[in-house]
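The values are calculated or read from the model by the stated rules, or taken from the named source; none is laboratory data. Remember, it's a predicted structure, so these values are computed and weren't measured experimentally. Note that each Cβ is placed from the backbone with ideal geometry, even for glycine, and that neighbours are counted across all protein chains shown.
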């Protein structure tokens, strides 16, 4: 497998993209993105489990039943959530206008939105911008699209990976946005992926679900699941490979590509957590089941007390023990071990003393560190990636709408 960053999603053959400022945000910054496959593509998607779903999520879930698509139009600055019938009608209109500009059928177009909840979309500005946006589509427009979907993000998030399947070079690329309102309950942000592989719908959908579970569902930042979360993937078959069959070597190699791209984007989201100063790889080992390992990891990663201790470079392991205990997983406190990096601070449920904590505090002063929690009960394990909680997080979210 080869990986590189240049081009993002448009490094995938047969994919074009563009991004521009349409006036949706208050500042004159990019806020409307378009991704287009030059061929009809197989489509797969994973959506938020939040019961309050934005209009684009409702529309895209319906359209995904066809298993086909050619374009994704995404705006930032406005979530088009909790906007009633008008919001849904606006989502439908966005897709129809995009289809008209491209010469596609309306059902070929997916839409996505991200931003402030509860405000109507400025449709007159979007209407005016879509034809111009379609005219700006380029084979190197991936970064422009990635920039246009950002909200509180501080960095553009994109990645590409290639491998050889059946004698053909296969490419998987993607872009994503996410910084706050990040919690594993599907995807916890927007991510758009594309591949030139020929992949049957069922295999692509199952593969995307698996990749999501291993990546976007493993980045708890603040415990809030958005109304707008989605991951969409288009597979256009331009590579000319024999369609991937379930269970064979090509399927495993393609899954590895998909897993890699999703995990790389997920880590970039965690790295860019709102106000974050620490990036933490949190591994729970020797749990009874993988589900229980995830439960423990998420309980720790979303604990405000644990996260503020990380910000202060304080190896306050008592807060971790408390989070483990309320996770809902089966545990035996007397078997728990905790270590920061290679520095143990708890063994058999008991702290190892001030000297061990001081050594661990040194580990916590780094921008990136690992935390391992050994439950001592089984063979299952899980890893999540998360951040600390700083005063800057409060400042960003206290003034988000202003």
Among (1) modelled with pLDDT under 95; (2) touching a helix residue (DSSP H, G or I) at 6+ places or on another chain (Cβ under 6 Å); (3) under 13 Å from residue 73 (Cβ atoms) - the single one residue 130 does not satisfy: (1)
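Checking the conditions here, which among 118, 77 is surrounded by 15 or more Cβ atoms within 10 Å (Cβ to Cβ) and either outside any strand (DSSP E or B) or touching a residue at least 40 places away in the same chain (Cβ under 8 Å) (or both)? First the steps, then the outcome.
Numbers: 118 fails: surrounded by 15 or more Cβ atoms within 10 Å (Cβ to Cβ).
So the residue among 118, 77 that is surrounded by 15 or more Cβ atoms within 10 Å (Cβ to Cβ) and either outside any strand (DSSP E or B) or touching a residue at least 40 places away in the same chain (Cβ under 8 Å) (or both) is 77.
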Evaluation of residue 9 against (1) under 18 Å from the mean Cα position of the chain (by Cα); (2) surrounded by 24 or more Cβ atoms within 10 Å (Cβ to Cβ); (3) part of a strand (DSSP E or B) (one fails), failing number: (3)
Checklist (1) under 23 Å from residue 362 (Cβ atoms); (2) touching a residue at least 24 places away in the same chain (Cβ under 8 Å) applied to residue 326, failing item: (1)
Subset of region 121-132 (residues that are under 22 Å from residue 88 (Cα atoms) and either touching a strand residue (DSSP E or B) at 6+ places or on another chain (Cβ under 7 Å) or part of a helix (DSSP H, G or I) (or both)): 121, 123, 124, 125, 126, 127, 128, 129, 130, 131
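Residue by residue, here is whether (1) more than 21 Å from residue 15 (Cβ to Cβ); (2) at pLDDT below 95 holds:
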{"residue": "220", "(1), (2)": "yes, yes"}
{"residue": "229", "(1), (2)": "yes, yes"}
{"residue": "234", "(1), (2)": "no, no"}
{"residue": "247", "(1), (2)": "yes, yes"}
{"residue": "279", "(1), (2)": "yes, yes"}
{"residue": "289", "(1), (2)": "yes, no"}
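Touching a helix residue (DSSP H, G or I) at 6+ places or on another chain (Cβ under 6 Å), assigned by TED's automatic domain parsing to the domain that holds residue 336 and in contact (Cβ under 8 Å) with a residue 60 or more places away in the chain, is that true of residue 287?
yes
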From the options 22, 33, residue that is part of a loop (DSSP other than H, G, I, E, B) and either in contact with a strand residue (DSSP E or B) (Cβ under 7 Å, 6 or more places away or on another chain) or at pLDDT 95 or above (or both): 22
Residue check for residue 85: free of Cβ contacts under 8 Å to residues at least 12 places away in the same chain and farther than 23 Å from residue 155 by Cβ: yes
Long-range neighbours under 7 Å by Cβ, at least six apart or interchain, first residue part of a loop (DSSP other than H, G, I, E, B) within region 240-267, second loosely packed, with under 14 Cβ neighbours inside 10 Å and at pLDDT below 95: none
Positions within region 54-63 being in contact (Cβ under 8 Å) with a residue 60 or more places away in the chain and either in a helix (DSSP H, G or I) or surrounded by fewer than 21 Cβ atoms within 10 Å (Cβ to Cβ) (or both), in sequence order: 56, 57, 60
